[in-house]
Amino acid sequence: MKEVLLLANGPGELWCWVRPMVKVLKAKGYRVKIGLLPCQFSSGEESRIASSLGADEVKGPSFFVKSALDMLRDSSDLVFQLGGDLVYGLLASRGKRPFFCYTYGPKPFMEKADVVMTAWDFPLVPGRVVVGDLVADALDMDEGASPWKKEGALRLVFFPGSRPGIRKTSLRFLSEVKGTLEALLDNVEVVTALSPFAAHSEIEAWEKEGLNPSLSGTRVVLEGADLALTQPGTNTLELMHVGVPAVVAVPFYFLEHVPLGGLKGIILQTPLLGRMIKDKVLRKASERRGFLAWPNRIAKEMIMKEVVGDVTPADLAKLLAKLLLDERQRLCQRERLRALSKPYGAAENILSIIEERIG
C-alpha cells in the first residue's frame, strides 16, 4: 500500500485543503499520514481536528527542531505540502521521493517542488498546474442542521474566526454589533458560525450573549444567508463559492490578537518588546495593504466590502444594516462572487496527478 504524507500548518489549510485530500486518497486505497507543522497562526486544536479526518496516522505539531527531525525520518512514497514552510517538505522528500505542493501564492523554495499546484489561473505562482480550489471540495463535505429559525427575516452570519484569542475578544464586540443592528432593524436574524476548531465549551458563552452559535458546517450555515461579517482568511473563499455577500472587517480593536508570521512574529510575541511595537507595526502595514479578501485579490477589484481601522461596533452595525436593506447591491455582489467561483473538483484533479507519479 502506497503512503502519502500530507503536511499542513494552520486551521484553514487543515480543514479546507487536507480534509478533502484525505477523503479522496483513502477512497483510492492509499495509506494517509498527516504531518502537522509548527505555526504561529494555529488555534491549538489542530491535532484534535486532524485526528478526526480519517487519516491512518497524525504526527505533530512539535517544536521546529523536532518537526525537522521527524521529516528527516519520514519514508512516505510521496510528500504533499498544503501550507507551511516548504523546508519541511524538502526535508521529508530529501530528493528521493516526489514532492508536491499546493499554494495560492509564491513561496520560498517552491522551485524545488516536483509539481506546484494552485487554484486559479493568475500569475502569482510561476510554473504552476491549475487544479481548482480545494475549499470548494471541502464545502461539499459540510454537514449539520440548519440554524435558521425565523421566517422572512434578513439573515446575517458572524464569523469570529479559528483562533481563541480573537474569538474571545469578538464575543463582546459582536454582541454590541448585534445590539445596535437590532435597534436599527426589527427583522434581522443573526447566527454565529463557530469554527470547527472552537471548543464545545464555548457554546454557552455565545448563547448567553444571544449570538446563536452553530457548529454546523459552513455551507449549511450559509444556505439562505443574506450577508456575512467576517475577517480575512479562508472564510472569504467559502463565502465566494456559496455566493454570499460579505463585509470583511479588521477593527484595530483586535490588533493585540492578530498573529504575524516569520521572525517578526516571534519577536513581537515577547512580552516587553512585542506589546510596545506591535500596534505601530500593524497600523503602519494597514496603510500600504492590498486587498484582504481573497475574492477581491482574485478579481483585482473591490467586490466584498473591506473595513480596516478604528471602527466601532456601532460603525459596523450601521454598515451591515445599510447592506441588508440594499437588496440590489447584495444581489450584484452575489452574482460577481458566483462568477469567480469555479469548483473544478480540485481533490480529484490532484489525485490524478498523484496516481500518475506513484500509481
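Below is a table of values for the structure above.
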| quantity | calculated |
| --- | --- |
| Where trypsin sites (Lys or Arg not before Pro) fall in DSSP loop in the range 291-327, at most 13 other Cβ within 10 Å | Lys300 |
| Debye equation applied to the C-alpha atoms of the range 68-156, log10 I(q)/I(0) at 0.17 Å⁻¹ | -0.76 |
| Extension gain from Glu327 to Ser52, taking 0.36 nm per residue of separation minus the Cα-Cα distance | 95.0 nm |
| Peptides 171-178, 310-317, 12-19 ordered by average Cβ neighbours within 10 Å, highest first | 12-19, 171-178, 310-317 |
| FRET efficiency, Leu72 to Lys168 (Cβ-Cβ, R0 35 Å, nearest 0.05) | 0.40 |
| Neighbourhood net charge (15 Å Cβ-Cβ; Lys/Arg +1, Asp/Glu -1) for Lys66 | -1 |
| Karplus-derived 3J(HN,Hα), 6.51/-1.76/1.60, for each residue of the range 43-48, Hz, glycine and proline x | 9, x, 10, 4, 5, 4 |
| Greater than 20 Å apart at Cα, pairs in Lys149/Lys178; Lys33/Lys107; Lys66/Lys107; Lys168/Lys208; Lys2/Lys96 | Lys33/Lys107; Lys66/Lys107 |
| Apportionment of accessible area to carbon and sulfur, the range 177-245, percent (1.4 Å) | 45 percent |
| Carbon and sulfur %, accessible surface of the range 97-151 computed with the full protein complex present, 1.4 Å | 54 percent |
| Å² of accessible area per residue within the range 199-241, as computed with a 1.4 Å probe and no ligands counted | 39 Å² |
| Mean accessible surface per residue for the range 309-357, computed with a 1.4 Å probe while every protein chain stays in place, in Å² | 58 Å² |
| Correct option for volume of the Cα convex hull per residue in Å³ [calculated from the coordinates] among (i) 135; (ii) 181; (iii) 146 | (i) |
| Per-peptide average of other Cβ atoms within 10 Å, ordering 147-153, 207-213 highest first | 207-213, 147-153 |
| Residue-normalised accessible area of the range 109-196, given per residue in Å² at a 1.4 Å probe | 44 Å² |
| Structure-based [θ]222 nm, the chain - -39500 (n - 2.57) summed over DSSP H runs of at least 4, per residue, nearest 500 | -12000 deg cm²/dmol |
| By accessible area with a 1.4 Å probe, ligands and nucleic acids excluded, highest first: order of His200, His241 | His200, His241 |
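The values are calculated or read from the model by the stated rules, or taken from the named source; none is laboratory data. This structure is a prediction, so every number in the text was calculated from the model and none was measured. Methodologically, a virtual Cβ is constructed for each residue, glycine included, from the backbone with ideal geometry; neighbour enumeration extends over all protein chains shown. The protein model used for the area step is the full one, side chains on, heavy atoms only, and it has no ligands, DNA or RNA in it. Shrake-Rupley method; radii C 1.70, N 1.55, O 1.52, S 1.80 Å.
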